[in-house]
């Protein structure tokens, strides 16, 4: 197995946007003069119709975030003027940096290291905050996530990281983000792509991502992504490599919840893997997730990606085809200037 892992690690395709310090996109290496450290474990951002509450990985239990559990960070709450209820499971949240791994079996706290290691919440401006995490104890991964409210009800997340130690033994680093949705009417997600089980054509069509259980038919890769990331048979994170028969043609997917659509969009060059669980946030609370990989991480290099979330009203009394048309129209509005 070790020999196979070594051979496969030599044939990874693609790049992961290495940066040098002069090109950094977050406050990962900034001095304190460029930001203000938040006094509380969370900070509230408002712009347009959206309210987003960004939290570090400490527990909170007050009138703003009642019963928020330790370890879960990122978007503790996302609300719209037309939907006052929090989209996310209140104890958990969304765009939560969940896992660091290299396909080897590790203790749970190591695989969930971003939950365990302290974070610093940095206020950049009225619409932007950063979550900074110093190099983690086991993996040695330094990271910073920037959450910015853009016009037109969009949240942009920029992730930047620097491997500080040679700890990734299979030739790659896998990173995983989770969003726990609170009791949507449907657990499923929607995207454009193909299903090798049901179609003989490679012409993309609308797909409905359905996963019968946690880790089963869970991960959808791009139609243009040939990469293979070796992993050990006893690797315990079933979502990561629980591949479906579906592949996406365009780098986005959407879910529907209480008259709103949640649209998560990515850049083609980042080769994101879309992942879902029917019960990640508890019974009836799916996880609508994604993964990103760094082949051959180098100590001291900066790596980054950006993604966007649009949260907007839909008429969910319409037939699904009409709802999908509305989602596709919103996808097209995010395209200008995205690359």
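Listed by Cβ neighbour count within 10 Å, with the fewest neighbours leading, 274, 299, 192 appear as 299, 192, 274.
Per residue, the Cα convex hull of the chain amounts to 135 Å³. Largest mean-square fluctuation among 232, 180, 92, in a Gaussian network model of the chain whose springs join Cα atoms under 10 Å apart, belongs to 232.
Only helices enter this figure: runs of n ≥ 4 DSSP H residues, each worth -39500 (n - 2.57), summed and divided by the residues of the chain, yield -2500 deg cm²/dmol at 222 nm to the nearest 500. Compared with the alpha-carbon gap, the fully stretched path from residue 82 to residue 329 is longer by 87.0 nm at 0.36 nm per residue. Listing 75, 175, 320 from fewest to most neighbouring C-beta atoms within 10 Å gives 320, 175, 75.
Between residue 105 and residue 227, what FRET efficiency follows from the Cβ-Cβ distance if R0 is 25 Å, with the result rounded to 0.05? Once rounded, the FRET efficiency stands at 0.70. Entry note, the chain: relative contact order of 19 percent, from Cα contacts under 8 Å with a spacing of 6+ residues. For segment 102-127, the residues whose amide N sits under 12 Å from a probe point set 7 Å from the Cα of residue 169 along the beta carbon direction are 102-107. Annotation: the antiparallel percentage among DSSP beta bridges lying fully within the chain is about 95. Distance between the C-alpha centres of segment 282-339 and segment 109-135: 21 Å, rounded to the whole angstrom. In segment 193-288, inverting the average of 1/r over every pair of distinct C-alpha atoms gives 14.3 Å as the Kirkwood radius.
Quick check on segment 27-69: take the gyration tensor over C-alpha atoms, sort the square-rooted eigenvalues as a ≥ b ≥ c, and tell me if it's rounded (a/c under 1.5), prolate or oblate.
It is oblate, given that a/c is not under 1.5 and a/b is not larger than b/c.
The label point for residue 46 and the one for residue 315, both projected 7 Å from the Cα toward the Cβ, are 3.0 nm apart.
Taking segment 72-98 and a reference point 7 angstrom along Cα→Cβ of residue 39, no backbone N atom is nearer than 14 Å.
Every number here is computed from the coordinates shown, using simple stated rules; none is lab data. Small disclaimer: the values here were computed from a predicted structure and weren't measured. Every residue, glycine as well, gets a Cβ built from its backbone with ideal geometry; the counts of neighbours run over all protein chains shown.
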